[in-house]
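Asks: I have a structure here, written as structure tokens, and I will follow up with some questions on it.
The values are calculated or read from the model by the stated rules, or taken from the named source; none is laboratory data. Values in this document were obtained by computation on a predicted structure and should not be read as measured data. Note that we place each Cβ from the backbone using ideal geometry, even for glycine, and neighbour counts take in every protein chain shown. The protein model used for the area step is the full one, side chains on, heavy atoms only, and it has no ligands, DNA or RNA in it. Shrake-Rupley method; radii C 1.70, N 1.55, O 1.52, S 1.80 Å.
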Amino acid sequence: MAVTFMGDYDGERRLGTARPSALMFTAGVGSIVELPHTTVIVRGIDAWDDRDSIEVNEPRLLGAVRARLGDQVARLMQPPHAPEDRDNPTGGWSRIGVPVMPFPRWLRCTKCNYLGPMDSDQFKLDTYTHNVDLTRFLHTNCQRSTNNKGSLAVSARFVFACESGHLDEFPYPWFVHDGNPCARPRYEMRDFGRGLGPDVTVKCTSCGKSKPMVTAFGKQAAQKLPACRGRHPQLGIFDKEPCRTEPRTMVLGASNLWFSQVFSSLYLPHEGGDLHTKIRNHWSVLSAMDDAAIDVVLPVLLKTDDFLDLREHPTTAIKAAILDIKYPADAQAGEVDLKKPEWDAFTRKGGLAPGDSDFRLKPVSTPSAAQVIGVSKVVLVERLREAKAFVGFTRIGIWDPDDIGSKVRNGRLTAYGTPKWVPAVDARGEGIFLRFDEDFISAWETRCRDAGTLTDLFTAHRSRNRRIGLTGANEYRGWIGERGVLLHTLAHALIRQMALDCGYSAQSLAERIYTGTPADQQAGILIYTTAADSEGTLGGLVRLGEPDILGPLIQAALTDAAYCSADPLCAEHRPNDDLLQLHGAACHLCSFAAETTCEYNNRYLDRSVLALVGPNPTPITSGNK
């Protein structure tokens, strides 16, 4: 399934498509999406039409979302979508999708370099019914145009943003004229080179004043630019209170312009068996039934071919299951520990957890190479279903719930009030779960403490907490522990090695680290992949969990992790108290992973810990203590 972006200018028009998962990580509310010929921002969820959405029923995930955003959140909804009808390109399906609006609204002509606002009489929208990716803006008054339509106009590449989640147009008139624009300004943006240096210049052709864009960047530039206006362009509003956060000039496409906040959980079968799974597969219809009408509507539905799989179950059992799913006790209790039930399912004693078409486990023997690094149990997750919910976003900095002194704030999802629902997606896939022996992990933690391997990382973490005002026992807040660093680093090493053999890219693989709490400790890794297709994935990853393959794979992963092409710089790297530098011997060439893969934003990684994981480890090139 692909979601459609719907523009709000010149009526509702399709502008492009994206995978549903993009709305979680790269194209969610408040993010700027660069389409082939135009640039848009995804609007707040109060502008979405959820009538064409399907509810994602995952009670544990809903409970975690409510704990973050409030009990008023009632549903998790997939993006609005309707099947494409190629025979009727202008039908009702073509007006269903995720709403977006053009941003930034300053455009630059690619022929004459004219720079101006979109709503001036210089530009017009050129639309295409069939090839929506060709939709573009044209500079109709371009003197250098080679046709009657005009020249292509693209979004100006600079914007204004702050850590409080605000985003605004870059103030070109203020910038060029030092706050005093001339009477009839006309601007040009010229690019004399191939970068963002002094070669990019904005000039007013009316008065002749010009400035290079490089002067809009850096700490000194903020003093020469206007204050943040508190704008939320995705909502079409400004904050009533003035924003006191210092804005900065940003470039379209900058990786720190938008960071998503996503919760995820794995679907776990109900103890009652496969009936709940079948009902979830029909949830888009069954959830719409009024409770009082279930007794009347349900018998009618069961007579149709679409509900053939439910006929073998008694009507009373189906009704009870519908109400059980619709009003789960754990969601009302606000359960936020998403991993503990998953850990219990993977490590269940006396037999496997109940399985169905969306969750199926197969334990296999543990190869000797895995036992050497403490693996006590290997479980092939032949089928799994993961749900993700989008709960917020930040700009410039990554939001951290422990960082009480930070300027980084959540961006707003709605213009007024609080969200009643949030966007969510679910996908099916496969994975490999590794459980580690508790005695082995405890002994490894002791070796790390004695060797001082993680002293610098722990010191940097505490220093960072002190810097933001966390003292005393709160200095330890957010620390994932020595075992967390080991499991996290090992997971990244395994993901890189698995990507070479399983047929999926490293960006398609993800990790879930199970460390538990000091009172209820866990030690496990789930490496998995999912796909939005209803059939899930094809088994390329789960095959690597077979004993004859997993053993050599683990050995190869540890060997490769001992070296990095950036050594000795990578091996000698020491963490500091910067939020983005909480890692040891790790970098993009050896350990870092995509944001869709890593649970900790590439923090708390150190290849040095792998030198102490087994009886005969291979030390990294340098940097070990």
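Asks: Got a sec? Charge dipole of the chain, +1 on Cβ for Lys and Arg, -1 for Asp and Glu; which of THR4, ILE41, MET289 is way out at the positive end?
Replies: Result: ILE41, furthest along the dipole toward the positive end.
Asks: Can you list the aspartates and glutamates whose alpha carbon sits under 19 Å from that of LYS203, skipping same-chain ones fewer than 8 residues off?
Replies: Output for LYS203: GLU169, ASP178, GLU188, ASP191.
Asks: Counting other C-beta atoms within 10 Å, and keeping those with at most 10, which DSSP coil GluC sites (Glu not before Pro) do you find in segment 471-576?
Replies: Here the GluC sites (Glu not before Pro) that fit, given the DSSP loop and packing criteria, are GLU535.
Asks: Checking the a/c ratio against 1.5 first, then a/b against b/c, what shape does the Cα gyration tensor give for segment 460-527?
Replies: Taking the square roots of the gyration eigenvalues as a ≥ b ≥ c, segment 460-527 is prolate.
Asks: What shape does segment 96-205 take by its C-alpha gyration tensor, where a ≥ b ≥ c are the square roots of the eigenvalues and a/c under 1.5 counts as rounded, a/b above b/c as prolate, and the rest as oblate? Show your work: numbers first, answer last.
Replies: Details: a/c = 1.77, a/b = 1.20, b/c = 1.48.
Because a/c hits 1.5 or more and a/b fails to exceed b/c, segment 96-205 counts as oblate.
Asks: Please give the charge dipole size of segment 141-201, origin at the Cα centre, charges +1 on K and R Cβ atoms and -1 on D and E Cβ atoms. Round to the nearest 20 debye. Show your work: numbers first, answer last.
Replies: Working: 7 positive and 7 negative charges, 93 e Å.
It comes to approximately 440 debye.
Asks: With Rg and Dmax of the Cα atoms in Å defined as stated, name the option among (1) 36.9, 125; (2) 24.7, 88; (3) 27.0, 83 computed from the structure displayed.
Replies: (3)
Asks: Let me ask another. Label-point separation (nm) for THR215 and ASN256, each offset 7 Å from Cα along Cα-to-Cβ?
Replies: Label-label distance for THR215 and ASN256, simple model: 2.4 nm.
Asks: Given the peptides 26-37, 443-454, 109-120, arrange them by the average over their residues of other C-beta atoms within 10 Å, most packed first.
Replies: 26-37, 109-120, 443-454
Asks: Would you mind checking LYS319/LYS388; LYS326/LYS420; LYS149/LYS209; LYS326/LYS388; LYS319/LYS340; LYS278/LYS349 for any pair whose Cα atoms are more than 21 angstrom apart? Display every interim value, and only then the final one.
Replies: Working: LYS319/LYS388 27 Å; LYS326/LYS420 16 Å; LYS149/LYS209 31 Å; LYS326/LYS388 19 Å; LYS319/LYS340 29 Å; LYS278/LYS349 27 Å.
Correct reply: LYS319/LYS388; LYS149/LYS209; LYS319/LYS340; LYS278/LYS349.
Asks: Further, regarding this structure: Could you work out what % of the accessible surface of the chain is carbon and sulfur, using a 1.4 angstrom probe and leaving DNA, RNA and ligands out of the count?
Replies: Result for the chain: 49 percent of the exposed heavy-atom area is carbon or sulfur.
Asks: In addition: So which trypsin sites (Lys or Arg not before Pro) in segment 287-330 pass both tests, a DSSP loop state and at most 13 other Cβ atoms within 10 Å of the Cβ?
Replies: The qualifying sites are LYS303, ARG311.
Asks: With unit charges on the beta carbons (Lys and Arg positive, Asp and Glu negative) and the dipole taken about the Cα centre of segment 68-173, which residue among LEU125, ALA156, ASN141 sits farthest to the positive side?
Replies: Checking the options against the dipole of segment 68-173, the answer is ASN141.
Asks: Ok, one more. Could you do me a favour and compute the accessible area per residue for the chain, 1.4 Å probe, result in Å²?
Replies: 45
Asks: Okay, next question. Going by amide H atoms built from the backbone, whose H comes under 5 Å of the H on THR17, apart from near neighbours?
Replies: Amide H neighbours of THR17: PHE5.
Asks: How many nm is it between the label spots at LEU589 and THR146, if each spot is 7 Å from the Cα in line with the beta carbon?
Replies: 4.3
Asks: Right, something else. Can you give the charge dipole size of the chain about its Cα centre, rounded to the nearest 20 debye, using +1 on the beta carbon of Lys and Arg and -1 on the beta carbon of Asp and Glu?
Replies: Computed charge dipole of the chain: roughly 2460 debye.
Asks: Among LEU538, TYR528, PHE458, which residue has its Cα furthest toward the positive end of the charge dipole of segment 456-563, with +1 on Lys/Arg Cβ and -1 on Asp/Glu Cβ?
Replies: Among LEU538, TYR528, PHE458, the one farthest towards the positive end of the dipole of segment 456-563 is PHE458.
Asks: Is any residue of segment 491-509 close enough, with backbone N under 20 Å, to a label point placed 7 angstrom from the Cα of ASP548 along the Cα-Cβ axis, and if so, which?
Replies: 498, 501-503
Asks: Could you give the length gained by full extension between ASP119 and ASP501, i.e. 0.36 nm per residue of separation minus their alpha carbon distance, to one decimal place?
Replies: Taking 0.36 nm per residue and subtracting the Cα distance, the gain is 132.3 nm.
Asks: Are there trypsin sites (Lys or Arg not before Pro) in segment 150-223 that DSSP puts in a loop and that have at most 14 other Cβ atoms within 10 Å, and which ones? Intermediate values should be presented prior to the final figure.
Replies: Details: sites: ARG157, ARG186, ARG190, ARG194, LYS203, LYS209, LYS219; in loops: ARG157, ARG186, ARG194, LYS209.
Of the trypsin sites (Lys or Arg not before Pro), the ones in loops of segment 150-223 whose Cβ has at most 14 other Cβ atoms within 10 Å are ARG186, ARG194.
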